[in-house]
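Step one of this worksheet: look at the structure below.
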Amino acid sequence: MKKLMTGNEAVAYGAYEAGVRYASAYPGTPSTEILENIALYGDIKAEWSANEKVALEAAIGASIAGGRALSSMKHVGLNVASDAFMTVAYTGVNAGLVVITADEPGQHSSQNEQDNRHFAPFGKVPMLEPSDSQESKDMIGIALQISEDYDTPVLFRMTTRVCHSKSIVECGERQNYPIREYKKDKAKYVVVPAYATKMRVKVEERLKKLAEYSNKTDLNFIKWNDKKIGVISSGICYNYARAVFGDSASYLKLGFTYPFPDEKIREFASQVDKIYIIEENDPIIEERVKMLGFECHGKDIFPSYGELTPDVLRKSIEGQNKETIDYDKTLVVSRPPSLCAGCPHRGFFYEIGKSKDVVIAGDIGCYTLGVGDPYDAIDITIDMGSAFGVGHGAQSVFNMKEGNKKRVIAVQGDSTFFHTGINGLLSTVYNNGNTINVILDNRTTGMTGHQENPGTGYTLDRGITESLDIEALVRACGIKHVKKVDPNQLDQMGEAIDWALSIEEASVIITRWPCAIKKLSEEDREEFKDVFTEKYRVNPVLCISCKQCTRCGCPAIEFSNEYLVSKIDINSCVGCGVCSQVCPALAIGKVEK
């Protein structure tokens, strides 16, 4: 059976085919669809976790209990999970355990471009890198077998183009791997120093065996063509190189990339005249080849950042790109990302923009778009769940200045709050902080595609579960001053901000309104009655051309320079009503049904 699949879909099928019993993740582009597709297979228990650390810990537990398991995350997610990752490298596994990291050269939706290949030698675990969907499917089964054969977790490194590109995949039937017997073994699974020091010795012994495997496995192979040029690459870069060089070069394609296949590298490098190392981001393969004594071209020619697509490779090697159709680039309108029409974060950012002497600490999510025009309402964003901690630290220093009036407003979403935001709030309360903390509850995990979270009342498979009460949770953290508002009601939003600014203790504002493009649950419809049922229009007779409505940043509103009036796209409008509240001429009203 053959199917057209993305790399993420292929990984999911590979997990099914290879007898995985348990899979967990926290959604993050470009890895999100792995768990969403695994959830389609009833033989695997698939779960969203509160964050990547918990997801990996749950997968570790499943492996120790005897079921094949995997945990997937985007590259920065492995930072969160690294505590568990570094230690399970010592304990090893019972049933197979695969840790998937989806890296993002080019930073299409990420705050950094870190190269997670470093985690393999850092954690002393083997690493596999697929280059297309077929390999993504096949290598999951191989990774699980390596995990069991060598008693180790396996790092499975993908990149955006492998995750999201489609190719033909030959699929098989699910293999029956019985749940292994669990045996109590304190010396293996309890990492107190007395046991961990012995584990450390086993890790080094394991690496030597894995190095032997690396030189023998078919995952690393040589394709001989013309030997004037030799290319060493892994992952999607192998495909990019083939597109540029074709049969005019020979290739060493690395699929098992740690430990390195030194013997195979020597065999290949000694028989070609010029060596190109084509790898995105850091010169990891390049440094290994040079350490083995071979001259090669890598980051002296190719960029150290971004994607090494065929056009980038050609320009790096030949100094020019292939000819393309030329056009007047001045006619292309810049279209930066923006909050959707009806986004519940819009009212908050519009009102917060009026505040004076405030510093706004943001976080990772749709609301990070508040940094741009017309809001200019995010001053700091570091990492997932950082807003409350960063905000507290900044406020602590501002408070040291005599006569300080500056206040910090820390902002994060509901899923981010559950991810790692709770700890920041606890620390703020514990240390008598006085930040204003805002939780934008849009009833879903918005930016990654509307995944469930602990506050939605549903699990990944749409099973009904407890919906965590954010207000009760923040009060349990010790916050005494809490206010919940509808962010579309600007008077409520403005009053809440003024209220919080008047308090010299830590406070929390919870904005609660569903994402404008979320598929509403029955509970949503019951709580937010008549949501998204209204439409608004501009009365051109009353419009005074002040453009105030455009400053709320809604993409459904446009100003006609020809007629000097604003207009609302009726097909985009979802009836949040923010524009009607900012119009000084009362020119915007509801469309009569």
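The values are calculated or read from the model by the stated rules, or taken from the named source; none is laboratory data. Keep in mind that this is a model prediction, so the values were computed, not measured. Reconstructed Cβ throughout: ideal geometry from the backbone, glycine too, with neighbour counts over all protein chains shown. For accessibility, only protein heavy atoms count, side chains too; no ligands or nucleic acids. Shrake-Rupley method; radii C 1.70, N 1.55, O 1.52, S 1.80 Å.
Among residues of the range 345-359 being within 23 Å of N399 (Cβ to Cβ) and either free of Cβ contacts under 8 Å to residues at least 12 places away in the same chain or open to solvent by less than 10 Å² (accessible area, probe 1.4 Å) (or both), the one that is nearest to the chain's Cα centre (by Cα) is I352. Scanning the range 295-310 for residues that are among the charged types (D, E, K, R), open to solvent by less than 60 Å² (accessible area, probe 1.4 Å) and farther than 20 Å from E104 by Cα yields a total of 0.
Condition check ((1) in a loop (DSSP other than H, G, I, E, B); (2) more than 20 Å from Y90 (Cβ to Cβ); (3) more than 17 Å from the chain's Cα centre (by Cα)) across all residues:
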residue: I34; (1), (2), (3): no, yes, no
residue: N37; (1), (2), (3): no, yes, no
residue: G42; (1), (2), (3): yes, yes, yes
residue: K53; (1), (2), (3): no, no, no
residue: A58; (1), (2), (3): no, no, yes
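Filtering the range 143-158 to residues that are crowded, with 24+ Cβ neighbours inside 10 Å, of a type in the set (S, T, Y) and part of a helix (DSSP H, G or I) leaves only S147. Whether any residue in the range 204-216 is hydrophobic (A, V, I, L, M, F, W, C), part of a loop (DSSP other than H, G, I, E, B) and modelled with pLDDT of 95 or more is what I want to check. Within the range 204-216 (the criterion being hydrophobic (A, V, I, L, M, F, W, C), part of a loop (DSSP other than H, G, I, E, B) and modelled with pLDDT of 95 or more), the answer is no, since none of the residues qualifies. When the range 507-531 is examined, which residues are found to be open to solvent by 50 Å² or more (accessible area, probe 1.4 Å) and either more than 17 Å from C366 (Cβ to Cβ) or over 35 Å from the mean Cα position of the chain (by Cα) (or both)? Answer for the range 507-531, where residues must be open to solvent by 50 Å² or more (accessible area, probe 1.4 Å) and either more than 17 Å from C366 (Cβ to Cβ) or over 35 Å from the mean Cα position of the chain (by Cα) (or both): E522, E523, R525, E526, E527, K529, D530.
State yes or no: is D103 of a type outside the set (S, T, N, Q), under 21 Å from V203 (Cα atoms), at pLDDT 95 or above and in contact with a Lys or Arg (Cβ under 8 Å, 6 or more places away or on another chain)?
no
Being polar (S, T, N, Q) and surrounded by 10 or more Cβ atoms within 10 Å (Cβ to Cβ) is the filter; apply it to the range 311-330 and report the residue that is modelled with the lowest pLDDT. Full working, then the answer.
Residues of the range 311-330 that are polar (S, T, N, Q), as a first pass: 316, 320-321, 324, 330.
Retained after the next criterion (residues that are surrounded by 10 or more Cβ atoms within 10 Å (Cβ to Cβ)): 316, 321.
Numbers: S316: 95, N321: 76.
By that ranking, first place goes to N321.
Kindly evaluate K183 against the criterion of being within 23 Å of V20 (Cα to Cα) and either touching a strand residue (DSSP E or B) at 6+ places or on another chain (Cβ under 9 Å) or open to solvent by 50 Å² or more (accessible area, probe 1.4 Å) (or both).
Details: within 23 Å of V20 (Cα to Cα): yes; either touching a strand residue (DSSP E or B) at 6+ places or on another chain (Cβ under 9 Å) or open to solvent by 50 Å² or more (accessible area, probe 1.4 Å) (or both): yes.
Considered against the rule, which asks whether it is within 23 Å of V20 (Cα to Cα) and either touching a strand residue (DSSP E or B) at 6+ places or on another chain (Cβ under 9 Å) or open to solvent by 50 Å² or more (accessible area, probe 1.4 Å) (or both), K183 comes out as yes.
Of the residues screened, Y195 is not one that is of a type in the set (F, W, Y) and open to solvent by 80 Å² or more (accessible area, probe 1.4 Å). A single entry from G391, G424, G449, G403 fulfils the requirement of being among the small types (G, A, S), touching a residue at least 24 places away in the same chain (Cβ under 8 Å) and assigned to a loop (DSSP other than H, G, I, E, B): G449.
Here is a yes/no grid of residues against (1) closer than 23 Å to K484 by Cα; (2) in contact with a strand residue (DSSP E or B) (Cβ under 6 Å, 6 or more places away or on another chain):
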site	(1), (2)
G370	yes, no
I380	no, yes
K401	no, no
D414	yes, yes
F418	yes, no
N423	yes, no
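Inside the range 475-491, residues that are part of a loop (DSSP other than H, G, I, E, B) and in contact with a Ser or Thr (Cβ under 6 Å, 6 or more places away or on another chain) make up a count of 1.
Name the residue, out of I232, I285, I278, I222, that is out of contact with any Pro (no Cβ under 9 Å at 6 or more places or on another chain), among the aliphatic types (A, V, I, L, M) and over 23 Å from S304 (Cα atoms).
Working: I232 fails: over 23 Å from S304 (Cα atoms); I285 fails: over 23 Å from S304 (Cα atoms); I278 fails: over 23 Å from S304 (Cα atoms).
Within the list I232, I285, I278, I222, the selection yields I222.
When the range 542-568 is limited to residues that are part of a loop (DSSP other than H, G, I, E, B) and without any contact (Cβ under 8 Å) to a residue 40 or more places away in the chain, the one that is nearest to F348 (Cα to Cα) turns out to be Q548. For the range 499-515, does any single residue satisfy the condition of being touching a residue at least 12 places away in the same chain (Cβ under 8 Å), among the small types (G, A, S) and in a helix (DSSP H, G or I)? Checked the range 499-515: at least one residue is touching a residue at least 12 places away in the same chain (Cβ under 8 Å), among the small types (G, A, S) and in a helix (DSSP H, G or I). For the range 28-46, filtered to residues that are open to solvent by less than 10 Å² (accessible area, probe 1.4 Å) and out of contact with any helix residue (DSSP H, G or I) (no Cβ under 7 Å at 6 or more places or on another chain), the residue that is farthest from P178 (Cα to Cα) is T32. Among all positions in the range 85-94, there is no residue which is under 17 Å from F418 (Cβ atoms), in contact with an Asp or Glu (Cβ under 7 Å, 6 or more places away or on another chain) and at pLDDT 95 or above.
Mind listing whichever residues of the range 198-213 are β-branched (V, I, T) and surrounded by 12 or more Cβ atoms within 10 Å (Cβ to Cβ)? Even if it seems obvious, please write down each step before you answer.
Within the range 198-213, the subset β-branched (V, I, T) is 201, 203.
Within the range 198-213, just V203 meets the criteria.
Answer with yes or no whether E280 is within 30 Å of E113 (Cβ to Cβ) and open to solvent by 20 Å² or more (accessible area, probe 1.4 Å). No, not satisfied. Scanning the range 426-440 for residues that are over 11 Å from S507 (Cβ atoms) and crowded, with 24+ Cβ neighbours inside 10 Å returns I439, L440. Residues that are open to solvent by 10 Å² or more (accessible area, probe 1.4 Å) and either among the basic types (K, R) or in a strand (DSSP E or B) (or both) were ranked within the range 235-274; the one that is nearest to V125 (Cα to Cα) is Y258. You will find that of D363, D383, D373, the residue that is more than 23 Å from G494 (Cβ to Cβ), among the acidic types (D, E) and part of a loop (DSSP other than H, G, I, E, B) is D383 and no other.
Does the range 49-64 include one or more residues that are buried (at least 24 other Cβ atoms within 10 Å of the Cβ), closer than 22 Å to G449 by Cβ and in contact with a Gly (Cβ under 6 Å, 6 or more places away or on another chain)? Yes, that holds for at least one residue. Suppose we keep only residues that are at negative phi and small (G, A, S) within the range 331-344. Which one would you say is most open to solvent (accessible area, probe 1.4 Å)? For the range 331-344, the residue satisfying everything is S334.
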